[in-house]
Amino acid sequence: MFTGIVEEIGTVLAVVQGEQDARLTLRGPVVAPGTRVGDSIAVDGVCLTVTGEVVDATFTADVMPETLRRSTLGSLAPGAAVNLERAVRADGRLDGHLVQGHVDGVGRLLSRDPGPRWDDLVISCTPDLSRYVAEKGSITVSGVSLTVTGVTDESFGISLIPTTLEATTLGRLAPGDPVNLEVDVVAKYVERLLGARLSADARTTDAAQPGDGPDGRVSQQDGAPAR
């Protein structure tokens, strides 16, 4: 579990492509020291497991086919800058929001409007994801926890303060650049629970069919079960 508060901008040192998967070697002087094999690090918002011993602030991670399909990691090349965050400790402060590191899809920067000390961005978002996005709600963009300033069926807006512009890769985005998107997991669970409840209610309604009673209800006489 992560918070969406990026700790540093790391660098991709090497990408080894397999038949369907890939292995990344990354440098992160802040997140790598003290990290062990099996620990989790979010790379541009994607939760990856450290698979090799950390040497000189460098760590390796394997990327599975599903992750390559669902995220921007498949297009990374040596020299690329990435947002890095270690998994949050159970006794740590949750400064952003609950981020799983399970990317839902890829959006693209549609526009950038610089302000006096901030930038307003509009990012594309498919309708199947935008239904989980709410104005003033939270969304994760390439590992960065952000507040939504506006939303349509095909896009949403965010505003970046100076710290975010300087401390993350979002300050370098140009129109057309892809970004990883993770919607608020709470919204997905609420939809799932409501869907299950509606399905149960529908089954109950279907089971209560009109019967042969005088008012259309199923008649029950002499303790006989309803038909």
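The values are calculated or read from the model by the stated rules, or taken from the named source; none is laboratory data. Bear in mind that the values here come from a model prediction, so they are computed numbers and not experimental data. Glycine also receives a Cβ, built like all others from the backbone with ideal geometry; neighbour counts cover every protein chain displayed. Side chains are part of the model used for accessible areas, which takes the heavy atoms of the whole protein and leaves out ligands, DNA and RNA. Shrake-Rupley method; radii C 1.70, N 1.55, O 1.52, S 1.80 Å.
Within the stretch 136-188, the residues that satisfy the criterion of being under 19 Å from residue 99 (Cβ atoms), assigned to a helix (DSSP H, G or I) and out of contact with any Lys or Arg (no Cβ under 9 Å at 6 or more places or on another chain) are 163, 164, 167, 169, 170, 185, 186, 188.
Of all residues in the stretch 82-93, count the ones that are open to solvent by 30 Å² or more (accessible area, probe 1.4 Å) and under 19 Å from residue 64 (Cβ atoms). Talk me through it step by step, then tell me what you get.
Going through the stretch 82-93, the residues open to solvent by 30 Å² or more (accessible area, probe 1.4 Å) turn out to be 86-93.
Those still in the list that are under 19 Å from residue 64 (Cβ atoms) too: 87.
The qualifying residues number 1.
In the stretch 1-29, of all residues being of a type in the set (Gly, Ala, Ser) and in a loop (DSSP other than H, G, I, E, B), the one that is farthest from residue 92 (Cα to Cα) corresponds to 18.
Which residues, counting only those in the stretch 61-76, are in contact with an Asp or Glu (Cβ under 9 Å, 6 or more places away or on another chain) and open to solvent by less than 50 Å² (accessible area, probe 1.4 Å)? Within the stretch 61-76, 63, 65, 67, 68, 71, 72, 73, 76 meet the criteria.
Suppose the filter is of a type in the set (A, V, I, L, M), in a loop (DSSP other than H, G, I, E, B), open to solvent by less than 50 Å² (accessible area, probe 1.4 Å) and under 23 Å from residue 164 (Cα atoms); does residue 32 pass it? Working first, answer last.
Numbers: of a type in the set (A, V, I, L, M): yes; in a loop (DSSP other than H, G, I, E, B): yes; open to solvent by less than 50 Å² (accessible area, probe 1.4 Å): yes; under 23 Å from residue 164 (Cα atoms): yes.
Yes: the conditions hold for residue 32.
In the set 38, 52, 79, 96, only one residue is assigned to a loop (DSSP other than H, G, I, E, B), open to solvent by 40 Å² or more (accessible area, probe 1.4 Å) and over 23 Å from residue 177 (Cα atoms); that residue is 38. Residues in the stretch 105-115 that are in contact (Cβ under 8 Å) with a residue 24 or more places away in the chain and of a type in the set (D, E, K, R) were compared, and the one that is least open to solvent (accessible area, probe 1.4 Å) is 112. Scanning the stretch 1-50 for residues that are within 22 Å of the chain's Cα centre (by Cα) and β-branched (Val, Ile, Thr) yields 3, 5, 6, 9, 11, 12, 31, 41, 43, 46, 49, 50. Within the stretch 116-127, the set of residues being in contact (Cβ under 8 Å) with a residue 12 or more places away in the chain and either farther than 25 Å from residue 8 by Cα or open to solvent by 10 Å² or more (accessible area, probe 1.4 Å) (or both) comprises 117, 118, 119, 120, 122, 124, 125, 126, 127.
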